[in-house]
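Engineer: Got a structure for you, questions after.
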Amino acid sequence: MTGTAPETGPESVAARPAAGYLRRATIDLAAYRANLTSLIERMAPVEVLAIVKADAYSLGVDVLVPEALAAGIRWFGTVEPEPAYRLRREGVGDDASYFAWQLGPDEDWDAAVRLRVDLGVSTLEQLEAFAAAARAAGPGHEALVHLTIDTGLHREGCLPADWAEFVTRAVELRDEGVVRLRGCFSHVSETSEADDHAASLVFRRALDDAAALGATFEKRHMSSSSAGMEHPERRFDMVRMGSNGYGNPVTEGVTAADRGLRPVLTVSACVVRVKRVPAGTGVSYDYTWRAPHDTTLALVPIGYADGVSRRAQHGVEVTIAGRRHPIVGRVAMDQFLVDVGDHDVAVGDEVVLFGPGDRGELTIGEWADLTGSVPEEVSCRIGARVERVYTGGRA
């Protein structure tokens, strides 16, 4: 029927297989393992820490951590401690290390000690509380500490002016046997080469000052995905890989293929209604788009409640049967409309918002660019009612 206007009236139903679901996030576990294996090889001998914060960017930390373990990862970053505590209690990665650094005022320091979770501490108060929990737990228990230095982001981290006092007390607690200096860490802003170089100098100076005070660290780390790939001199002992592991390089102008990586996430939905409308028809809220000529509209049941940005219109295209079509009109909470022209589209057809790009669809990086976002945000915003389906799992 391509090139012929569909019949007017109720939605058309073609005699072909339907997608069988309303909305779906498909996670390619084989691609995730392959990405991590590649990163481990490229960073060697530097350790790779896999970032699995925010429920592994909303893709399912309980599923992805075992896959990362199979790929050879032995360090995980969860940001807040609770996911690390839960994974430890469940016996996931008993020989692996979990690292968290976003600590609350009522942190469960005892859980961190007993469950062997590494914590990034930024203040004397945090350090003393963590050490006290190890002391109370008795012989054989220790606080696994990463001293955090603020190199310019002004988020967590001890200010350089307070660093000497902070390190001195950490060394005293280490000598007491209640603290183990597992690491020293910070971040770079990735604002400019000059800013990141200045931050690295602050970090190096902090390491030198700590050494002069008697502190040595098992893992020194300040670089995440982009900095770790592009600046070997800033890798130190460990690189925290988040976006690259998911196949989403965030460096401008760099694609997953450029780095030998594959995006692990595909988001899709299905067509639930098809309508033929005349020229001039306004669609969705506010009528921000009117049909320039007679055309066919396909209704797709996924919206901003599911993480689809309201900016995904007027230039953002989805793929149906290998052909791209534009989103038109406002993206609503639960749905959006697609202008499919005179092409053969039927109820039940699969609509791919973004994926690896193999079938001509947008990649997550392209989707993020078009909606004024970044791949991490796009991934993290996928709502709970979007079904997660995993492919490529280990036998």
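The values are calculated or read from the model by the stated rules, or taken from the named source; none is laboratory data. Bear in mind that the values here come from a model prediction, so they are computed numbers and not experimental data. Virtual Cβ from ideal backbone geometry, glycine too; neighbours counted across all protein chains shown.
Engineer: List, please: which pairs have Cβ atoms under 8 Å, are six or more places apart or on different chains, and start with a residue in segment 180-206 that is assigned by TED's automatic domain parsing to the domain that holds Pro139 and over 19 Å from Phe166 (Cβ atoms) and end with one that is part of a helix (DSSP H, G or I) and among the acidic types (Asp, Glu)?
Structural biologist: Close Cβ pairs (under 8 Å, with a partner that is part of a helix (DSSP H, G or I) and among the acidic types (Asp, Glu)) amount to Val188/Asp195; Val188/Asp196; Ser189/Asp195; Ser189/Asp196; Glu190/Asp196; Ser200/Glu233.
Engineer: Taking segment 147-162, which residues are touching a residue at least 60 places away in the same chain (Cβ under 8 Å) and farther than 10 Å from Ser122 by Cβ?
Structural biologist: Listed by number, the list holds a single entry, Thr151.
Engineer: In segment 313-337, which residue that is modelled with pLDDT under 95 and crowded, with 17+ Cβ neighbours inside 10 Å is nearest to Val271 (Cα to Cα)?
Structural biologist: Per the criteria, the residue is Ala321.
Engineer: Having 1 or more residues that are farther than 30 Å from Tyr32 by Cβ and free of Cβ contacts under 8 Å to residues at least 40 places away in the same chain is the bar; report the strands (runs of 3 or more DSSP E) wholly within segment 263-319 that clear it.
Structural biologist: Per the criteria, 273-277, 295-300.
Engineer: Taking the residues in segment 358-372 that are closer than 20 Å to Arg259 by Cβ and crowded, with 19+ Cβ neighbours inside 10 Å as candidates, determine which candidate is farthest from the chain's Cα centre (by Cα).
Structural biologist: So in segment 358-372, the residues closer than 20 Å to Arg259 by Cβ come out as 358, 361-369.
After this cut, where a residue has to be crowded, with 19+ Cβ neighbours inside 10 Å as well, the list is 361-365, 367-368.
Values: Glu361: 21, Leu362: 18, Thr363: 15, Ile364: 12, Gly365: 12, Trp367: 15, Ala368: 13 Å.
Here the answer is Glu361.
Engineer: Any chance segment 338-347 includes a residue that's surrounded by fewer than 17 Cβ atoms within 10 Å (Cβ to Cβ) and under 18 Å from the mean Cα position of the chain (by Cα)?
Structural biologist: no
Engineer: Output the number of residues of segment 197-228 satisfying the condition of being outside any loop (DSSP other than H, G, I, E, B), buried (at least 23 other Cβ atoms within 10 Å of the Cβ), in contact with a Lys or Arg (Cβ under 8 Å, 6 or more places away or on another chain) and at pLDDT below 95.
Structural biologist: Total meeting the criteria: 2.
Engineer: Being small (Gly, Ala, Ser) and surrounded by 23 or more Cβ atoms within 10 Å (Cβ to Cβ) is the filter here; which residues of segment 137-156 pass it?
Structural biologist: Taking segment 137-156 as the starting set, the residues that turn out to be small (Gly, Ala, Ser) are 137-138, 140, 143, 152.
Correct list: Ala143 only.
Engineer: Quick one: count up the residues across segment 107-132 that are in contact (Cβ under 8 Å) with a residue 24 or more places away in the chain, buried (at least 20 other Cβ atoms within 10 Å of the Cβ) and part of a helix (DSSP H, G or I).
Structural biologist: Of the residues in that region, 6 qualify.
Engineer: Enumerate the pairs (first residue in segment 62-77 and without any contact (Cβ under 8 Å) to a residue 40 or more places away in the chain; second residue anywhere and surrounded by 24 or more Cβ atoms within 10 Å (Cβ to Cβ) and in a loop (DSSP other than H, G, I, E, B)) with beta-carbon separation below 7 Å, excluding pairs fewer than 6 apart on the same chain, so at least 6 apart or on different chains.
Structural biologist: Leu64/Val52; Val65/Val52; Phe76/Val52
Engineer: Restricting to segment 323-356, give me the number of residues that are in a strand (DSSP E or B) and over 30 Å from Leu261 (Cβ atoms).
Structural biologist: Quick first cut of segment 323-356, residues in a strand (DSSP E or B) only: 323-328, 336-341, 350-354.
Next, from what is left, pick out any that are over 30 Å from Leu261 (Cβ atoms): 328, 337, 339-341.
Matching residues across segment 323-356 total 5.
Engineer: Does Leu119 count as modelled with pLDDT under 95, assigned by TED's automatic domain parsing to the domain that holds His187, closer than 26 Å to Ser225 by Cα and of a type outside the set (Lys, Arg)? Spell out how you get there, then give the answer.
Structural biologist: Details: modelled with pLDDT under 95: no; assigned by TED's automatic domain parsing to the domain that holds His187: yes; closer than 26 Å to Ser225 by Cα: yes; of a type outside the set (Lys, Arg): yes.
It is false that Leu119 is modelled with pLDDT under 95, assigned by TED's automatic domain parsing to the domain that holds His187, closer than 26 Å to Ser225 by Cα and of a type outside the set (Lys, Arg).
Engineer: Suppose the filter is outside the structural domain of Asp62 (by TED's automatic domain parsing), in contact with a strand residue (DSSP E or B) (Cβ under 6 Å, 6 or more places away or on another chain) and outside any loop (DSSP other than H, G, I, E, B); does Val378 pass it?
Structural biologist: Numbers: outside the structural domain of Asp62 (by TED's automatic domain parsing): yes; in contact with a strand residue (DSSP E or B) (Cβ under 6 Å, 6 or more places away or on another chain): no; outside any loop (DSSP other than H, G, I, E, B): yes.
Against the criterion (outside the structural domain of Asp62 (by TED's automatic domain parsing), in contact with a strand residue (DSSP E or B) (Cβ under 6 Å, 6 or more places away or on another chain) and outside any loop (DSSP other than H, G, I, E, B)), Val378 does not qualify.
Engineer: Do you know which residues across segment 381-392 are surrounded by fewer than 20 Cβ atoms within 10 Å (Cβ to Cβ) and assigned to a loop (DSSP other than H, G, I, E, B)?
Structural biologist: Start the filter on segment 381-392 by keeping residues that are surrounded by fewer than 20 Cβ atoms within 10 Å (Cβ to Cβ), which leaves 381, 383-385, 387-392.
Selection gives Arg381, Gly383, Ala384, Arg385, Gly392.
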